[in-house]
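Here is the structure we will look at, set down as structure tokens.
Values quoted throughout were computed directly from the atomic coordinates according to the rules given, and no laboratory measurement underlies them. Here the structure is a predicted model, which means the values were calculated and not measured. In this analysis, Cβ positions are derived from the backbone assuming ideal geometry, glycine residues included, and neighbour counts consider all displayed protein chains.
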Amino acid sequence: MNQKIKETMQEPLLNPCADPIFKILFTDESEEAHEALTCFLSDILEREVTDVVLQPNELSGETDEDKQTEFDINCKIDGKFANIEMQGKSKKSDYGRRAEYHAAHLLNHYTPKKTDWDKVPQVFQISVMNFYFDRKSQESISHYVMRNKEGRTVSNTLNIIFMELPKIRKLDDDISRLTKAQMWGKFFLYANKPKRAKYVQQLIQANGGIKMAFTVLKNISQDELNWQKETHYWMRISDEITMKNAGIRQGLRRGRIEGKAEGRKEKAEEVAIAFLIKGTPPETIAECVKLPLERVLELKKSIK
């Protein structure tokens with residue numbers, strides 16, 4: 001192990017699981033970042049990737065009304081196109097639908113008009129997810145394509161790949177039992193954890209791409225601006241969680257109040273129906289049980 005890397009293990013490092021840091025890790029203007037991105041793509045796609053070119057991250061729609069898209073890491077790889085995202089949480093949306101939309105948007109954006117169908121490029125939506133997407137599956141890295149009921153693929157044009165970090169965290173740390181892609185997952189999880197420094201050294205020794213990524217992480221961790229970006233990211237996440245919890249508590253309180261009110265209303269309607277059956281005039285009932293006359297008349301019609 002390079003002595004310089006060993007010394008760096010003792011220094012505070014940024015967290016690759018923070019969205020802005022993940023993005024900088026692979027798009028930093030350095031040879032190491034480009035090599036790290038190339039190796040990551042090779043490992044996650046399970047084939048050698050040689051030509052990687054970063055593309056603009058903002059893709060516009062065809063009209064002003066179309067949903068706009070901003071990617072984390074948009075790149076062209078050997079004539080194909082890929083977007084790589086770090087997702088800290090699933091938010092309120094169905095992430096599967098979001099991934100499908102991103103893949104379709106990539107395909108639409110990078111397929112010029114009049115392109116021969118056999119020349120339509122493959123596209124890949126790759127998501128590193130710090131949450132569970134499919135708890136029923138044991139697979140930590142899943143590759144989705146369009147298939148029929150018998151399992152035959154349509155064309156392998158649209159590809160969605162999910163790396164679920166919670167599942168990788170549960171995997172045995174024995175590097176000999178990990179795939180290269182799973183090693184990346186361990187790196188994202190442990191790179192900034194001092195107690196995992198020796199294990200990160202093993203990952204660096206086992207995977208050249210991770211070694212490059214660690215070098216980039218070391219370098220970008222020297223920039224105070226990047227620490228501010230990470231701090232702002234975690235603050236935003238914390239604020240969203242706080243607001244969500246506050247909303248739940250408020251909803252529960254409101255629910256209890258509304259529940260009591262609804263219960264009183266149902267009881268009043270039960271009493272009104274009993275008096276209606278006995279022939280009590282609706283006006284008298286409305287006044288006694290504190291219900292609108294219109295509602296009492298509706299109840300009268302319902303029991304005829």
Quiz item: Among residues other than residue 127 whose Cβ falls under 10 Å from its Cβ, what is the net charge (Lys/Arg +1, Asp/Glu -1)?
Solution: -2
Quiz item: Do you know the relative contact order of segment 118-221, to the nearest whole percent, from alpha carbon pairs under 8 angstrom that are 6+ apart?
Solution: 23 percent
Quiz item: Hey, what do the phi angles of segment 22-28 turn into as Karplus ³J(HN,Hα) couplings, whole Hz, using 6.51/-1.76/1.60 and θ = phi - 60°, x for Gly and Pro?
Solution: 4, 5, 5, 3, 9, 10, 4
Quiz item: How far apart, in nm, are the 7 Å Cα→Cβ label points at residue 146 and residue 179?
Solution: 2.4 nm
Quiz item: Hey, can you rank 164-172, 288-296 by average C-beta count inside 10 Å, highest first?
Solution: 164-172, 288-296
Quiz item: Separation between the residue 108 and residue 284 pseudo-spin-labels, each 7 Å from Cα along Cα→Cβ, expressed in nm?
Solution: 6.7 nm
Self-check item: Pairwise FRET efficiency - residue 136 versus residue 206, Cβ, R0 = 22 Å, nearest 0.05
Solution: 0.15
Quiz item: Looking at segment 111-245, what % of its DSSP beta bridges pair antiparallel, to the nearest 5?
Solution: 40 percent
Practice problem: Could you list, in their original order, any pairs among 80/170; 76/195; 198/218; 119/167; 76/193 whose Cα atoms are separated by more than 25 Å? | Solution: 80/170; 76/195; 119/167; 76/193
Quiz item: Sorted by packing (mean other beta-carbon atoms within 10 Å per residue), highest first, where do 217-228, 143-154 land?
Solution: 217-228, 143-154
Self-check item: Stretchable slack from residue 31 to residue 171, in nm (0.36 nm times residue separation minus alpha-carbon distance)
Solution: 47.3 nm
Quiz item: What does the charge count near residue 138 come to, summing +1 for each Lys or Arg and -1 for each Asp or Glu among other residues with Cβ under 15 Å from its Cβ?
Solution: +2
Self-check item: Summed side-chain charge close to residue 156 - residues other than residue 156 whose Cβ falls under 12 Å, Lys, Arg +1, Asp, Glu -1
Solution: +3
